[in-house]
Every structure is written in structure tokens, then in C-alpha cells.
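Derivation of every value follows stated rules applied to the coordinates shown; laboratory data play no part. This structure is a prediction, so every number in the text was calculated from the model and none was measured. Heads up, the Cβs are rebuilt from the backbone with ideal geometry, glycines too, and the neighbour counts pull from every protein chain shown.
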Amino acid sequence: MAYRSRSTRRTRRKGRSNLLITIIIIVTLLWVTFTFILPPFIGALAKVTGIFKSHNQSPTLVADNATLAPPVLSVPYEATNSGQIDIHGFTTANSKVKIYLDDVLVTTTDADETGAFTAKDVSLSLGTNNIYGKTEDDKGTESLLSKTIRLIYDNENPPLEVSFPTDGQIFSGEKKINVTGKTEPGVTITVNGDQAIVNSDGNFSKQITLNDGSNSLSFKSTDQASNFIQITRNVTFNP
């Protein structure tokens, strides 16, 4: 009996020791978890949640803080021979449109209830003109700049020389002749309304067929700004 009593006491002491160790381990694990593991985890979770909230709310924020749209200007040509032009376009309805030429405010016009506007008689400078606009609402808020339009104002006629034929020249035999001359690159040349070929040096040529008797040949040189000059050659073909 004495042997069993000592064995039982040792078992109980060992059990209490194991229980104490287990409690210490559990307490230590809890302390490590709450001190070192949970705070970073909670912080990371908060960041992820914030990102999703920001993403979900961004369309609303953009819509609430959208800036005033700039005007859309319309000039349907790249060059003109007129010193004054009308500029049409669209913008926010019932707003004002400021038109700038080379960074100088030149005129202000009103958009109607559909957003359409016309800036009349805008004066141009010779050469390249950089034109853009801004929209202004009734509170004085201005939009960003519109797209810049580059417009060339040129009021000089292009050069034109007819090398062949000469005025009054008489032909016989072959009715087809090759007329030639010179202008400047980028210019359109027509002979009696038919377009001739102009090379990069401004030289042009065109094959034409003469009629019996008198022939009037009209050479017309037209540049990008619609400036033009005409030369007439009268020739005769004797069959």
C-alpha cells in the first residue's frame, strides 16, 4: 500500500507541473499573438479595406469634382487668304467662350442653350496663328485650354512660270504636246482644269492634246490658302 501511495503522489505532482507548464505556454502564446501578430495583421487588413473603399468611391469623387470642359473649336481648313475668320464650336450650354490667338485674348462670345457658339471676325496675323479657347461658367470658373488650332494666313499669290509652249506658237504633225513650267512645292497646277504633276522642286508637266486651229491654254496655280494666279497661252495647230 505504501508503494502505491508514493506513486500516486508523484503522478499528482507531475500532473500539476504539466498543467502549470501548459498554462504558461498558453499565456505566452496569447501574449505573443496580441503583441506581435495581431497588430500588423489588423493594420494590413485596414489598408486593404481602405483601398477597396477608395476604389469604389473614386467614380463619385471624380464626378463631384469634374472640371469644366474646354470648348471644341472648328476651323475646317489649315490655311486661308482672309485676314478675318469666324470660329464656330461647341461647349457647355449658356457659358462664355474666350478665344486666344498666340496667347493673347482676342474676343469673348456666348454659347447658346445648345452649347453652340460663333466668334465672329477674329483677326489673324500673317503666317502661322495658334488659336485656342477656354470655357467660363457663370461663377467665373475657367476650363482647361482647348486643343490648339494652327492656321496659316497667307495673302500672296503663288509663283507661276510657263516654259512651254510660248504664246502664239504654231504646231503641226503630232497633236499631243507636253506643257511644262515652274511654281513652288505644295501648289496645285491645272491646265484647262486638268491637274498637272508638280515635283518636289516645283517643276510641273502635263500632256495635252491640241485641237485643229486655235487653242487657248489656261494655266492656274493655287496654293493651300486658295491664293491663285492664271496665265494664258494661245497656240495654233495646223493639220
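Laid out as a table, the results:
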| quantity | calculated |
| --- | --- |
| Segment 72-112 versus segment 131-179: alpha-carbon centroid distance in Å | 21 Å |
| Under 5 Å, built H, 5+ apart or other chain: amide partners of A196 | I189, T190, V191 |
| Per-residue ³J(HN,Hα) for segment 223-234, Karplus 6.51 cos²θ - 1.76 cosθ + 1.60, θ = phi - 60°, Hz, x for Gly and Pro | 8, 5, 8, 6, 6, 8, 9, 10, 10, 10, 10, 9 |
| Cα-based reach from K220 at 15 Å (exclusive), listing aspartates and glutamates while leaving out same-chain residues under 8 positions away | E156, E161, E184, D194 |
| Average Cα contact separation per residue, segment 88-239, under 8 Å, 6 or more apart, as relative contact order % | 19 percent |
| Residues with amide H under 5 Å from that of V106, placed H, sequence gap 5 or more | I99, Y100, L101 |
| Segment 138-189, dipole about Cα centre (Lys/Arg Cβ +1, Asp/Glu Cβ -1), debye to the nearest 20 | 240 debye |
| ³J(HN,Hα), Karplus 6.51/-1.76/1.60, whole Hz, each residue of segment 91-102, x for Gly, Pro | 7, 5, 4, 6, 9, 9, 10, 9, 9, 10, 10, 6 |
| Sequence-separation-based contact order of segment 160-224, relative, with Cα cut under 8 Å and 6+ spacing, percent | 35 percent |
| Relative contact order (percent, whole number), segment 59-139, Cα cutoff 8 Å, 6+ residue spacing | 34 percent |
